[in-house]
Each structure stands twice: as C-alpha cells, then as structure tokens.
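Reviewing the structure listed below.
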Amino acid sequence: MQAFGSREFNQQHGRVKDAARKAPVRITERGEPAFVLMSEAEFRRLSRQRPTLLDLLADPRPEADFEFSPERVDIATRDVDLD
C-alpha cells in the first residue's frame with residue numbers, strides 16, 4: 001500500500017487522489033498510520049454486507065435448494081475426575 005505523509009497529502013492532494021483511484025492509500029501523521037484513502041467503488045466493495053449462513057439456508061430460490069445429509073460422527077467420551 002502506498003503511503004503519504006499528511007503534509008504531502010495537503011500539498012499534493014491531486015497526486016494522492018490519483019494513487020487512491022488505483023489502490024487504497026495510507027496517510028500518516030508523524031510517521032504513524034492515521035487514515036486510509038480509497039475510491040468510492042473500493043469502499044463499497046469492502047463494506048458490502050455478505051450473506052450470513054442463515055441467509056443462505058433461508059434462500060427461497062429453487063437453484064439454492066440442495067440435499068444436505070452429513071455423516072454422523074461418533075465422538076469418544078471419557079470420565080473425568082473433578083475432585
């Protein structure tokens with residue numbers, strides 16, 4: 001990720017915006033990461049809500065229907081002395 005200092009960001013905002021059109025850009029203050037500048041399209045892509053497992057299982061579309069018969073798993077147990 002390309003990084004720019006806050007002074008460079010203020011003085012050359014056009015150059016920083018051009019870089020952010022290609023990939024997210026880190027803005028630093030006193031050498032420490034402070035902000036990330038990115039395109040609106042990249043922000044929307046990253047913040048898009050992904051469906052939950054419940055959403056996927058509740059999908060009413062016929063193409064989302066499938067058979068699910070997992071094999072039974074036997075888990076061995078053992079006695080534990082808690083005294």
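The values are calculated or read from the model by the stated rules, or taken from the named source; none is laboratory data. Everything numeric in this text was worked out from a predicted model, so none of it was measured. In this analysis, Cβ positions are derived from the backbone assuming ideal geometry, glycine residues included, and neighbour counts consider all displayed protein chains.
Please determine whether any residue of the range 43-60 is at pLDDT 90 or above and either surrounded by 12 or more Cβ atoms within 10 Å (Cβ to Cβ) or over 15 Å from Met1 (Cα atoms) (or both). First the steps, then the outcome.
Narrowing the range 43-60 to residues at pLDDT 90 or above: 43.
The next check asks that each one be either surrounded by 12 or more Cβ atoms within 10 Å (Cβ to Cβ) or over 15 Å from Met1 (Cα atoms) (or both); those that pass are 43.
Yes, the conditions are met somewhere in the range 43-60.
Name the one entry in Arg72, Arg21, Arg45 that is among the basic types (Lys, Arg) and assigned to a loop (DSSP other than H, G, I, E, B).
On the way: Arg21 fails: assigned to a loop (DSSP other than H, G, I, E, B); Arg45 fails: assigned to a loop (DSSP other than H, G, I, E, B).
Arg72 is the lone residue from the list that is among the basic types (Lys, Arg) and assigned to a loop (DSSP other than H, G, I, E, B).
Quick check: is even one residue across the range 1-15 assigned to a loop (DSSP other than H, G, I, E, B), free of Cβ contacts under 8 Å to residues at least 12 places away in the same chain and either loosely packed, with under 10 Cβ neighbours inside 10 Å or more than 19 Å from the chain's Cα centre (by Cα) (or both)? Before the answer, list the steps.
Residues of the range 1-15 assigned to a loop (DSSP other than H, G, I, E, B): 1, 12.
Next, only the ones that are free of Cβ contacts under 8 Å to residues at least 12 places away in the same chain stay: 12.
Filter once more, keeping what is either loosely packed, with under 10 Cβ neighbours inside 10 Å or more than 19 Å from the chain's Cα centre (by Cα) (or both): 12.
Yes, the conditions are met somewhere in the range 1-15.
Has the range 67-79 got any residue that is aliphatic (A, V, I, L, M), under 30 Å from Gln2 (Cα atoms) and over 19 Å from the mean Cα position of the chain (by Cα)? Let's see the steps before the verdict.
Kept after step one, since they are aliphatic (A, V, I, L, M), are these residues of the range 67-79: 73, 75-76.
Now drop any that are not under 30 Å from Gln2 (Cα atoms), which leaves none.
No, there is no match, as no residue in the range 67-79 is aliphatic (A, V, I, L, M), under 30 Å from Gln2 (Cα atoms) and over 19 Å from the mean Cα position of the chain (by Cα).
Going through the range 32-66 one residue at a time, which ones are touching a residue at least 24 places away in the same chain (Cβ under 8 Å) and over 24 Å from the mean Cα position of the chain (by Cα)?
none
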